[in-house]
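The values are calculated or read from the model by the stated rules, or taken from the named source; none is laboratory data. Worth saying up front: this structure is predicted, and the values here are computed from it rather than measured. Here Cβ is always computed from backbone atoms with ideal geometry, including for glycine, and neighbour counts include all displayed protein chains.
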Amino acid sequence: MKAYIFTEAGEGIGFGHLSRCISLYESLKEVGVKTEMIVSGTFQDISMLKGVNYRQQSWYNEEFLEQTVTDEDVCIIDSYLADISLYEILSNQAKRCVYIDDNSRLSYPKGIVVNPSLHIGNLSYPRKAGVTYLYGPSYVIVRPAFQKPGNQREVLRQVKDILVTMGGTDPMGMTLPLIDRLKASFPNIRLHVLITDAFSDKSKIEAKTTSRLHIYKNLDAEAMRGVMKKVDVAITAAGQTIYELMVSLTPFIPIQTVQNQENNVEGLRTYEIQTLYVKNESHVGYVEEALEEYLSPKIRNSLIQTYSHLIDGKGSKRIVEKLINGEKEV
C-alpha cells in the first residue's frame, strides 16, 4: 500500500493546505506507510517541504490520476480547485480516500470527508451511502512540532512581546501597516514578525528591523513554535496558524483575511473568542483596540484556559487511522 496526498500551494493559494497535508504526511510515515505528496501551484523552495517526498505537478487531470493510483493505495485530497470528476476517479481507483473540506464545497463520492475545524456552524453535508463525516476539535490538524505534550504558559503582568503573522503570503498586505501602527502605539513592546519569500513586500518589511523589531523569514515548524512560546500575544491571520497558537497556549487576535477562513472564524466565535475582519489598512485601528484588551493578564489567562480544553494535537493521527483502517458509516 502507498499513500498519495493531493493538494495545492503557492501564488494565489497560500500555504494552509500544504501545512496540514505535511502533518498528515508525517502521521502516515509514523505508521510505516510509504507516502508521496503531489502539489499543484507556483512556488519555489518552500522550507516546510524540506525532507518531504513530493513532486510539484498539476494533478487536475483524469488520465494522470488513473495512471498514478492503484486499488491498493489510499489517498488524501485537500483542494479548493479540483472538480467532482477528479474525486470520483480517485474514489473508484483507490482503496480508500479522505477528502479535507472546510466549507461543504462538493457532494463527495464514497470516502471519508473531514472538516478539520472547531465547529461546522451552518454548513450542511449531504448524507450519502458510503460517505463518512468527521469534524470538530478532535480532527483539527496541527504540524508535528505542535503535537508535543506538556505545554505550559506563564502569564506575565505586562505584555512585552507581540507576534505578527499574516500567513504564508499576506494577500492583503497587512503586515507593514500593522508594524507601523504597533510601533507607534506600543513603543516599549518588542515585535516579532513572521514572513516568507512569498511576501510581495518582504524587502520593505525586512528594512524595518531594529533591536525591538525582529523579522523571521521562512521558519520551520519547530522554530515557529519557539517564537510562539516566547511572546505574550499574537496577531494572526485566521488560517491554520490559529490552531497551532491554541496548542502552544499563545493568546491571539485572529484576523479574517480571506473568505475561506470564515468557518475558522465561526468556530472561534462559538467559543467566545474575539475575531476581527480587517479589509484594509484603514481598519488597523481595530487591531489596536483589541490589543488594548489583551494587555490585561486576566483576559489572557482566560483565553489560555479556553485553548487548553479544545485541541489535543492528535487530529492528524486520528484521520490517518481512519484512512488506513476505514470507518463505519454514520
Exactly one of these conditions fails for Gln274: (1) surrounded by fewer than 15 Cβ atoms within 10 Å (Cβ to Cβ); (2) part of a helix (DSSP H, G or I). Give me its number. (2)
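If you scan the range 198-227, which residues turn out to be of a type outside the set (A, V, I, L, M, F, W, C), in a strand (DSSP E or B) and in contact with a strand residue (DSSP E or B) (Cβ under 7 Å, 6 or more places away or on another chain)? Please lay out each step first, then the result.
The initial filter retains those residues of the range 198-227 that are of a type outside the set (A, V, I, L, M, F, W, C), namely 200-204, 206, 208-212, 214, 216-218, 220, 222, 225-226.
From what's left, in a strand (DSSP E or B): 210, 214, 216-217.
Selection gives His214, Tyr216, Lys217.
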If you check every pair at least six apart or on different chains, which have Cβ atoms under 9 Å apart with a residue in the range 257-273 that is over 20 Å from Ile235 (Cβ atoms) first and a residue that is of a type in the set (Asp, Glu) second? Asn263/Asp102
Given the criteria crowded, with 20+ Cβ neighbours inside 10 Å and assigned to a helix (DSSP H, G or I), does Leu182 qualify? yes
Among strands (runs of 3 or more DSSP E) entirely within the range 23-103, at least 1 residues that are among the acidic types (Asp, Glu) occur in 34-40, 74-78
Per-region count, the range 231-244, residues in a helix (DSSP H, G or I) and touching a residue at least 40 places away in the same chain (Cβ under 8 Å): 3
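Those residues that are more than 17 Å from Asn264 (Cβ to Cβ) and in contact with an Asp or Glu (Cβ under 7 Å, 6 or more places away or on another chain), I need them from the range 93-107; list them, please.
The initial filter retains those residues of the range 93-107 that are more than 17 Å from Asn264 (Cβ to Cβ), namely 93-99, 106-107.
Those that are more than 17 Å from Asn264 (Cβ to Cβ) and in contact with an Asp or Glu (Cβ under 7 Å, 6 or more places away or on another chain): Gln93, Ala94, Lys95.
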Which residue, of Glu293, Glu288, Glu262, is assigned to a helix (DSSP H, G or I) and in contact with a Phe, Trp or Tyr (Cβ under 9 Å, 6 or more places away or on another chain)? Glu288
Could you please find all residues in the range 89-102 being surrounded by 15 or more Cβ atoms within 10 Å (Cβ to Cβ) and of a type outside the set (Ser, Thr, Tyr)? Ile89, Leu90, Gln93, Ala94, Lys95, Arg96, Cys97, Val98, Ile100, Asp101, Asp102
Quick one: would you say Ser117 is within 24 Å of the chain's Cα centre (by Cα), surrounded by 18 or more Cβ atoms within 10 Å (Cβ to Cβ) and either within 21 Å of Phe252 (Cα to Cα) or of a type in the set (A, V, I, L, M) (or both)? yes
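Looking at the range 122-144, is at least one residue under 19 Å from Met228 (Cα atoms) and surrounded by fewer than 17 Cβ atoms within 10 Å (Cβ to Cβ)? Don't jump to the end; show me each part of the working.
Here is the first cut: in the range 122-144, the residues under 19 Å from Met228 (Cα atoms) are 140-144.
This time we only want the ones that are surrounded by fewer than 17 Cβ atoms within 10 Å (Cβ to Cβ), so: none.
Within the range 122-144, none of the residues are under 19 Å from Met228 (Cα atoms) and surrounded by fewer than 17 Cβ atoms within 10 Å (Cβ to Cβ).
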Identify the single condition in (1) under 28 Å from Glu154 (Cα atoms); (2) in the same structural domain as Gly32 (by TED's automatic domain parsing); (3) of a type in the set (A, V, I, L, M, F, W, C) that Val287 does not satisfy, given that it satisfies every other one. (2)
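Which one of Glu244, Glu288, Glu266 is among the charged types (D, E, K, R), at pLDDT 90 or above and farther than 30 Å from Val74 by Cβ? Outline the logic, then answer.
On the way: Glu244 fails: farther than 30 Å from Val74 by Cβ; Glu266 fails: at pLDDT 90 or above.
The conditions single out Glu288.
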